[in-house]
Amino acid sequence: MTVMSNDRKYRRSTRSPLLPLKHDGYEPLEVGFGGASFSGAVFNLSTTIVGAGIMALPATVKQLGLIPGIIMIVLGAMLTESSIDMILRFGKASKSSTYSGVVADAFGGLGRTLIQMCIVINNLGMLIVYMIIIGDVLAGTLSDGVHHSGVMEKWLGQHWLTSRSFLLLLTTLLVFSPLISFKRVDSLRYTSALSVGLAIVFVAITAGVAIVKLIEGSIRMPRLMPEISDQASFWKLFTVIPVLVTAYICHHNIHPIENELVDPTQMKSIVRTSLTLCSSVYIATSLFGVLLFGDQTLDDVLANFDGDLGIPYSSLLDDVVRVSYGIHLMLVFPIVFFSLRLNLDGLLFPYAIPIACDNKRFFLITAALMGFIFVGANFVPNIWDAFQFTGATAAIAVGFIFPAAIALRDTHGIATKNDRLKSWVMILLAVSCSTAAICSDIYSIFNFENEIGR
C-alpha cells in the first residue's frame, strides 16, 4: 500500500526545523506568540553555555596555571564564535533551519545521523552531570574519602528524606517536569534570565570572599603556570581540555533560538553578546575560585563551599552559594533538554511532523529521556569522569569537528581562505586534544590499577 504524500505524518523535510516556525501553518503553540526578542535569545543562549562546566573550570585553571587557563578560556570563546558563524552562514546558503540539516547538505543522510547522535550523547552527558551536581548540593558528596555535606542534609539531618535518590526524584517531579513541558525555547526566557542572574550571584560571592581574604593576607597567590613534576602530571594537563570545550557547547540550540526570533539577522550579535557575557563569568569564576581555594580546589568547586571560609557568616554564605547555583542548574536543565528531545526525535522519526504537534510522541520521548537521565545521575559518581568522556568525544565533534568539516566541504562555494585556515586549526586541535585526553584517561586507569596491585 502506497503512503499518500499528503499524510501529515510524512510532511517534514530533513532540512526543516524540528519545531514549527512562528509563521508555520500548524496550530499555534502559544496564543499571541509573535517571535522571540534579542534579550530573551541572549538569556537562553547564555544559559545553554554557562551551565556547561562552570563548576569544573576552577579545577581546570588550577591544573593549567592561571595565565594559560585564562588564555584557553578566551581562545575557546573565539573558536566557538567562529564555528557558530560557519554553521549559520552555511545554513542560510543551504536554506536549512537545523544544525542536522546543514550537516546533511554537506555530507548527506549519514552526516545528519552522526551529528544528531553526537548531540544526543553530548546533551545526555551534560544533563546527567547537572543532576549529579544538584544531588551534591542537596545531599552532599564524597571526595578523596572526605564527606562534604549537602544543604538539605545540613538542615534536616541524615535520613531517607535527605538521601540523594529521593531528593533528585523530588526535583524531577516538582521542578524539571513542568519546565521541560514547554514546546518553544522562548518560553524559557524568564527562567533563563533568572538562571544567568543566579550564576552571577555565585561569582559575586566567590569574588567578594576571595578579595576580603586577599586583603587580610590569608590566602596565597595561585600558580601562574602549570606544575609538571613527572610524566603523569604532564599527561594530566590534556585531560582538562575537554572541560574547556564542553564549557562553550551551545551549537545544538543555535537554530531553535534563531528560528523563533522576530529578526533572525540579529543572531550573530546575540551569539557575540552571549559569548562575551559567558567568558567574563568563566574568567571571574576561575580566577576567584582558584584564588580562594588554591591547591584545595576540587573538581566540582561547589564541594569546597561546605566548610569555614574564614570570614564572618561563613556558614550562611556557603548555603547561599550552593543553593543559588543548585537552582541555577535546575533552570539550565530544561533548555539543554529541549534540544536533546528535538534531536532524538529527529533521529528516530526523521520524516514525522514536528514533535510539538504530536502530544503522544512528545510525552513518550520526554518520559523516556528523564528516566534515563535520572538513572544515570545515580550511577556516575564523579563529575570529572563524565566531563572527560563527553568532552573528549561528542562535544568536540558538535562544537568543532562538524562546523570545520562543513566549511572545508564547502558545497556552496562560500568558504573564504580564513574559514579554511580556522577549520584546519579547529580540526587539528580537536582531534589532538581528544586523542590525548582519551590516552591520558587510559593511562590513569592502568596507573591506578598498578598502584592497587602493589
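Points to keep in mind about this one:
- Note on surface exposure: LEU364, LEU57 rank LEU364, LEU57 by accessible area, highest first, 1.4 Å probe.
- Distant-in-sequence amide contacts of LEU298, defined by a placed amide H-H separation under 5 Å and a gap of 5 or more residues or a different chain, comprise ASN304.
- Euclidean distance of C-alpha centroids, segment 321-377 and segment 58-97, integer Å: 25 Å
- Apportionment of accessible area to carbon and sulfur, segment 38-453, percent (1.4 Å): 69 percent
- A simple count of charges around PHE362, restricted to other residues whose Cβ falls under 13 Å of its Cβ and scoring Lys, Arg +1 and Asp, Glu -1, yields +3.
- The per residue volume of the convex hull around the alpha-carbon atoms of segment 38-453 is 145 Å³.
- Peptides 418-427, 332-341, 102-111, ordered by how many other C-beta atoms sit within 10 Å of their residues on average, highest first, read 332-341, 102-111, 418-427.
- Relative contact order of segment 38-453, pairs being alpha-carbon contacts under 8 Å that are 6 or more residues apart, as %: 36 percent
- Solvent-accessible surface of segment 38-453, averaged per residue with a 1.4 angstrom probe and all protein chains in place: 40 square angstrom.
- Placing a pseudo-label 7 Å from each Cα along the Cα-to-Cβ vector at ASP308 and MET117 gives an inter-label distance of 5.5 nm.
- Estimated distance in nm for a label pair at ASN378 and ASN359, the labels positioned 7 Å out from Cα along Cα-to-Cβ: 3.0 nm
- Amide hydrogen neighbours beyond the local backbone of ALA36, cut-off 5 Å, H modeled: LEU261, VAL262
The values are calculated or read from the model by the stated rules, or taken from the named source; none is laboratory data. Model, not experiment: these values are computed from the prediction. Please note: Cβ atoms are built from the backbone with ideal geometry, for glycine as well, and neighbour counts cover all protein chains shown. The accessibility values were calculated without ligands, DNA or RNA, using every heavy atom of the protein model including side chains. Shrake-Rupley method; radii C 1.70, N 1.55, O 1.52, S 1.80 Å.
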